[in-house]
Structure formats: C-alpha cells, structure tokens
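Asks: Encoded as structure tokens, here's the structure I'll be asking about.
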Amino acid sequence: MSSFLIDCIGYGGLVINLYSMSTKGEYKLRLISLIANIIYILYGVLISAAPIIIGCIIAVFLHGYHLRRLKIKKQ
C-alpha cells in the first residue's frame with residue numbers, strides 16, 4: 001500500500017476524531033470516537049505501530065462499554 005494512502009487513512013482518523021469533539025451529547029461523541037479509533041487501529045497496523053494499536057484497542061473497548069451503558073440507561 002502506498003505511503004500516501006496510509007497517510008490518508010491516518011488523517012481521516014484524525015479528522016473524524018476532531019469532529020467527534022465538536023458534537024453534542026456523550027452518545028454521539030463516543031460513537032464517532034469509536035469509529036475514529038477503529039480507523040486508527042488500521043493505521044497502526046499499516047505502519048506497524050504497536051502503541052497506537054494497543055491504545056486504540058483499549059479506547060474501542062472503553063467507548064463500546066460506555067455506549068452500551070448509555071443505551072441501557074436510556075431504556
């Protein structure tokens with residue numbers, strides 16, 4: 001995969017993550033952040049960066065847990 005495409009994936013994750021910080025409501029913020037972290041995991045795999053992969057996997061689980069908690073609380 002070309003370096004340009006890999007960089008685009010990384011910047012895409014960055015843009016989505018920054019967008020999540022501008023949203024209102026915890027549910028929407030966590031959902032969009034979860035998507036951004038999944039993209040960061042892909043980026044970390046492509047550049048062989050274990051700290052990015054590990055950190056984002058942890059973030060995905062945390063966001064998933066809180067999204068589930070918010071959904072249960074809403075019902």
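Asks: Could you run through the stretch 20-52 and say how many residues are hydroxyl-bearing (Ser, Thr, Tyr) and either over 29 Å from MET1 (Cβ atoms) or without any contact (Cβ under 8 Å) to a residue 24 or more places away in the chain (or both)?
Replies: The total comes to 5.
Asks: Take the conditions of a type in the set (A, V, I, L, M, F, W, C), in a helix (DSSP H, G or I) and farther than 23 Å from ARG68 by Cβ and apply them to LEU18. Does it pass? Before the answer, list the steps.
Replies: Details: of a type in the set (A, V, I, L, M, F, W, C): yes; in a helix (DSSP H, G or I): yes; farther than 23 Å from ARG68 by Cβ: yes.
So LEU18 passes the test.
Asks: Please work out which residue is most open to solvent (accessible area, probe 1.4 Å), limiting yourself to the stretch 53-68 and to residues that are of a type in the set (A, V, I, L, M, F, W, C) and closer than 27 Å to MET1 by Cβ.
Replies: Top of the filtered list is PHE61.
Asks: Can you tell me which residue in the stretch 32-52 is farthest from LEU62 (Cα to Cα), limited to those that are open to solvent by 70 Å² or more (accessible area, probe 1.4 Å) and in a helix (DSSP H, G or I)?
Replies: The qualifying residue farthest from LEU62 (Cα to Cα) is VAL45.
Asks: For the stretch 1-31, enumerate the residues that are of a type in the set (A, V, I, L, M) and either open to solvent by less than 80 Å² (accessible area, probe 1.4 Å) or over 30 Å from LYS74 (Cβ atoms) (or both).
Replies: Within the stretch 1-31, MET1, LEU5, ILE6, ILE9, LEU14, ILE16, LEU29, LEU31 meet the criteria.
Asks: So LYS71 ticks every box in (1) open to solvent by 70 Å² or more (accessible area, probe 1.4 Å); (2) modelled with pLDDT of 95 or more; (3) basic (Lys, Arg) but one. Which box is left unticked?
Replies: Failed condition: (2).
The values are calculated or read from the model by the stated rules, or taken from the named source; none is laboratory data. Fair warning: this is a prediction, and the values are worked out from it, not measured in the lab. Reconstructed Cβ throughout: ideal geometry from the backbone, glycine too, with neighbour counts over all protein chains shown. Surface accessibility is based on the protein's heavy atoms, side chains included, excluding ligands, DNA and RNA. Shrake-Rupley method; radii C 1.70, N 1.55, O 1.52, S 1.80 Å.
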